[in-house]
Structure formats: structure tokens, C-alpha cells
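The values are calculated or read from the model by the stated rules, or taken from the named source; none is laboratory data. What you see is a predicted model; the values in this text were computed from it and never measured. For neighbour counting, all protein chains shown are included, and Cβ atoms are generated from backbone atoms with ideal geometry for every residue, glycine included. Note: areas computed on protein heavy atoms with side chains; ligands, DNA, RNA excluded. Shrake-Rupley method; radii C 1.70, N 1.55, O 1.52, S 1.80 Å.
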Amino acid sequence: MKVAIRGIGVVGGFGSGLPALEKALDGRRIAPTDISIPTREGAILVPCLTADTGPLADYIPTRVLRRMDHYIRLGLLAAFGAMTEAGILDKSRRGRLGIIVATGSGATGNNYNFQHPYEDMEEICGSPIRFSNSVHNAAAAYISIALAEMGPNHSITHDDLSFPAALMTAVTWLQQRRVDAVLVGGVDALSHAHAYAWHAHRQARRVVKNLREAQKQIPMAGEGACFFVLKATGTDSATCPVIRETALGRICKGPLPRPMGDYYILGEGGLAATRADYGKWLLPGARATCYAHVYGDMAIDSAFDTAIAALSLRNNRIYAAGSVSQPVQERELLADRSVVCLKLGVGNTFGWTLFD
């Protein structure tokens, strides 16, 4: 079943909203934030791409925001952005709305904080609010409350393939006519564990390559959220990016279930397979690139790749801000060309999305 993307909302280290993402794709420098990580050898500073959720105050009163942690705020800000662009923030214009949230790490950072409340003597007992926000489906719950929605609500945690699984679920809901529209997206907040793992990985790479080369090839640890409003295609969706097909599975035996595309956007973040593994998926003559350095290394990177593919189709161009390992020249995206977002996960798993 074909579905149309009616609205997109994004927030990440590049800023908030599609204009900020487009500027980053056009080459605007993204300044990292040094995060202090406590270790046995002392504190270390790790450069990361952190997101600012300040614009969320335009949608929700500050007194209400105090009950929400950073993970929840990221999801809310991107969700409001998608709903606003789709023109259905007003409840009277929505119809039946389903909500699906994908996350690779979920509320891991808040969970750590709840388990160690006495380290800095800031609390004499565990916070009930922090405890209630320490579950992975907290973002989906808060989104439904903020939007006053009582429809289907689902959270998916599947590491690297969380967003492809959520997208396939959204398409299934629309195909079954369970809902009129689906708000689907991915959100991951930066945790000390993720930042330190990235630091350790980069240090290991420095053994064989110098720091400058390692920084070029390894995107910084990032955080953010990316949401979409999806509807079934119709006469009013002629100008919308259209998802023709989605796939999710595991390779056992036989030929690869390759998507037939002209341009490939590769998700190389998270626990993904190596770049060499991606090579065998590409058709001869196909062009491929990776935009991980724009949004950072995170498990739900394929959500951002989907947004970039939609922007490419909207603006009839392929952005040149690809990684050094997968360079691409800016070019016009012809009407008969297709774009594929490809994500490989651990255990020979895969997920891809094909755009018209």
C-alpha cells in the first residue's frame, strides 16, 4: 500500500524544524557540545550532537514541562512539528489518529538517574516523576495526553530497526483502515552510556588511524526525534512524498531481497553492519550516501534518513552533504528516479523504505 507523508517534524543537534535540517544538509557547520562523562580515571569530555527542546514552550506551558524529562520533550517537539505541518494540530481536523513511537534506547538516561539518586545528594529519596518517566513508552503516553488522543498507541523498541518496524506498523494500520492517519516517529535521548561507548569506539579506531581521519569516518554520538504524519494516498496527495513499499526481515538463505532504487541513503549508525556489508545490497550503477554526521550516531537514524529522502523528493534534489566514506555530488532528482532508505541491523536483519 502506498502512503503519503503529510507532515514532518524534526529536532536534533542541527536545530529544530525542517529549515534547520535543510541548512545542515546544505553544509552549515553543526557545533558539538562537550559532555562530561565520569569514569574511573576521572571525568572526560566527549563531543556530542545534543538537541535543544526550548521551542517546546510554544506548545506546552512551562509548569507542565517540568514534569517531563529530556527524552519525552524531544518526542513531543518533533510530534508537534509534524502535526503542525500536516495542518491537523486542531483536533477537529484529525479524524481517527494512531500514534506509534520507535526508540532504540528509550528512557535509558533517566533510568540510570533514577537508579542512582543519591550520587550528588540532590535527592533524599527517589522521585515519583522520575520513576514514571523511566519507562520506554513514556514519550508515546505524553504525546497522546498532549494531543488529547484516545486512539491506538504503540511503542516499539527494536534497536537499530525500531523505526522501520514502526513505519511498517503504521502502513499496516492504514491498510486495515484502523485509523485515518498515523503519527509515527523515532526518538532517542543521549545517555552517558551511549556517549562513553562512542568515545571508546573512537579511541579504538585511533589505534589504526589518526584522530582526524577517525572523526571524519565516525559520526558523533547524537540525539533527537523525527516524526511523520502518514495518510493513505489520494487525489490531494499529488505533491506529497509517497512511500511505495516498506520491508523488514532477516537474511537466512538465498538471494538478498534488494530494493530497486536509483539513490540509496544508508543508515550506518547504532549497531549497524559495516560499510562493506552495505556494498552487496547496492545495485550496479546506483548512487549511495550517508548523512549520519548531520544528525549523529543513534539507533533511530533511519527516521532522519526518511525525512531527508522526503525533502529530496520535495525539493527535487539530492543533497551533497554525504559522508566522506559515501560521497555524493549534488544533482537534480529526476521525476522517474526512486530513493531507498536502507538500514542493516545486527543478526543479518534489514529494513528498507522505497519512495516514488
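The table that follows gives values for the structure above.
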{"quantity": "Residues with amide H under 5 Å from that of H154, placed H, sequence gap 5 or more", "calculated": "I99, I100, V101"}
{"quantity": "Segment A31-A197, extension gain: residue separation times 0.36 nm, minus the distance between their alpha carbons", "calculated": "57.7 nm"}
{"quantity": "Flagged links, alpha-carbon separation over 27 Å, of K2/K343; K231/K253; K91/K343; K91/K231; K253/K343", "calculated": "K231/K253; K91/K343"}
{"quantity": "Other-chain or far-sequence residues with amide H under 5 Å of I35's (modelled H)", "calculated": "V46, C48"}
{"quantity": "3J(HN,Hα) from dihedral phi, the stretch 35-42, Karplus parametrisation 6.51/-1.76/1.60, rounded to Hz, x for glycine, proline", "calculated": "9, 7, 10, x, 9, 5, 8, x"}
{"quantity": "Gain in span if fully extended, D356 to K23, counting 0.36 nm per residue against the direct Cα distance", "calculated": "117.5 nm"}
{"quantity": "Label-point separation in nm, L65 to T157, each point 7 Å along Cα→Cβ", "calculated": "2.7"}
{"quantity": "Per residue solvent-accessible surface (Å²) - the stretch 245-313, probe of 1.4 Å", "calculated": "38"}
{"quantity": "Length added when fully stretched, A57-A276, from 0.36 nm per residue minus Cα-Cα", "calculated": "74.5 nm"}
{"quantity": "Carbon plus sulfur fraction of accessible area for the stretch 1-108, probe 1.4 Å, in percent", "calculated": "49"}
